[in-house]
Structures are given as structure tokens and as C-alpha cells.
1. Might you check whether a residue that is in a helix (DSSP H, G or I), aromatic (F, W, Y) and more than 15 Å from F113 (Cα to Cα) occurs anywhere in region 21-36?
2. Of the conditions (1) under 16 Å from D93 (Cα atoms); (2) outside any loop (DSSP other than H, G, I, E, B); (3) modelled with pLDDT under 95, M1 fails just one. Which one is it?
3. Here are some residues: F97, F74. Which one is part of a helix (DSSP H, G or I), aromatic (F, W, Y), surrounded by fewer than 18 Cβ atoms within 10 Å (Cβ to Cβ) and out of contact with any Gly (no Cβ under 6 Å at 6 or more places or on another chain)?
Amino acid sequence: MTPYALPLAASGLASGLKIDWAKMPTYNTIMSVAAGAGLLLVVALGRQLLTRSRSTPPDGWALAFAALGFTLLFTGLHMTLTWPLAGQGFPFDNIIFGEPALAFGVFLLAAAFYLWKRGDDLLSEDGVERTGRVALPISLYVFGMGLACFGIAAAGWKYTLFAAPPEEPISGEFANYPWLEASFMSALYVLVGIGALLFPFALRRPRTWLSPAIGVVWGLAGLAFLLFGGLNYFTHIGLVVNTM
């Protein structure tokens, strides 16, 4: 998935593609890895709380969320405020990648701060219910970003925004089928969006089917973002080499 070459690939201009990388910064590689790890850790923490497990102490979760939150906050903030990030255009990438990363980074940092200050409360008898009440106000923001994820997915399908050019290794093999990668990435945003829309309701009723449903959709999306981000370290380096 290479955001800045997508319109070129879609328009048939990708043959012999040359990119001025000094004007085309791209780091959705680390953003994808951090977002995937963050989703997986949120699911793991939720499972630990609901099963009253003490396998990982609260300060361990706080450190993990803080590390991922800072990564997403700074990369997402830079991408969101630099309009557009790429000197050769494509401002929609700021919306697709920058803004969700920024929001998720803020969520993770807020969770890290709470776990650092009040983490022991989570393991008390009514810790899950109490934490649910604490998180209810911010759940409105989560719900709104869930709607945003559906909007991003719809735009990805309609405009095939996630297709890779032929010069990109592996992903470029499917350059003639732009709908394939567009469908894959849009489906991931749909999964994240489903979990975000269910989140406020799960906080009110944490021990119902809502929590496992969120765990499934966020777990699948998190694993895919983590693996795909790791793969992109190879594909993006290959794209840079092939288009210099």
C-alpha cells in the first residue's frame, strides 16, 4: 500500500514512474505497525479485565500504550497539519492515514495515563464497570471516529485509493486489479469502524456479546495492520529503489 503513487497507478501513468522522494515523505509503515499493535493490545487488555486475569500489571499496559500513543500522535499530527504532506499532491492521504492515527494516538495516551495513575483500580471487584463509566464521555469521540472509518472505507472503494503501482514489489503484482487492494484496506477500516460504533454500548454492558464482538473485529484488523505494515517495510523500500 503506497499512498502517494496511487493516482498515478490508477491513471496508467505508473509505467516508468519516477518520484521525487524529497517531496514525497511517507511513513504509513510505522503508523500501520503501531496501529495494529495498539488494536491488539486494547483487545488483550479488555480480555484480561473481563477474565480478571493478572498476567500483566497495569504499569506494563501503561508503558505499551504510551509508546504506541506517542508514535501515532507525532506521526499523525505531522501528517494531519502538513497540508498536503506530499509536495506533489494527494491531500486525501492526510485524511485517510493522518487523522485516524492522530485520534488513536490520543486515545492510547489517555489510556496510558489512566492506567499509570489508576491501574490498580481496574483489578478491583467492580473495576470493569467503574472504568466503563469513566470512559463513557470519550466514547463519543470513539464513536465519531468509527463513522469516519466507514467514510474512509467508502471513499477507498469508490475511488480505489489504496492500489499500488507496478514498481512496488509484491503489491505491484496486482496493479491491474486496483479494486483488490482497495477492497482489502477498506474492509480493515470497516472492521475498526464496527468496533468503534459498538464501543460506547459495550462500556454500558461490558459482560454481554458486545465485548467479544469488538474483540473479534479489532483483533482481526489489528493483526492485519500489524502484518501489512511489516510487509510494507520491504515493499516501500523496493518502491523507493525502483522509482529514484
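1. Taking region 21-36 and keeping what is in a helix (DSSP H, G or I), we get 21-23, 28-36.
Filter once more, so that each one left must be aromatic (F, W, Y): 21.
With the extra rule that they be more than 15 Å from F113 (Cα to Cα), the set shrinks to 21.
Looking through region 21-36, at least one residue is in a helix (DSSP H, G or I), aromatic (F, W, Y) and more than 15 Å from F113 (Cα to Cα).
2. Failing condition for M1: (2).
3. So the residue among F97, F74 that is part of a helix (DSSP H, G or I), aromatic (F, W, Y), surrounded by fewer than 18 Cβ atoms within 10 Å (Cβ to Cβ) and out of contact with any Gly (no Cβ under 6 Å at 6 or more places or on another chain) is F74.
A quick yes/no check of all residues on (1) out of contact with any Pro (no Cβ under 6 Å at 6 or more places or on another chain); (2) in a helix (DSSP H, G or I); (3) buried (at least 22 other Cβ atoms within 10 Å of the Cβ):
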residue	(1), (2), (3)
F113	yes, yes, no
K117	yes, yes, no
C149	yes, yes, yes
G156	yes, yes, yes
P169	yes, no, no
G195	yes, yes, yes
L198	yes, yes, no
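The values are calculated or read from the model by the stated rules, or taken from the named source; none is laboratory data. What you see is a predicted model, and the numbers here were worked out from it, not measured in a lab. Cβ: placed from backbone, ideal geometry, glycine included. Neighbour counts: every protein chain shown.
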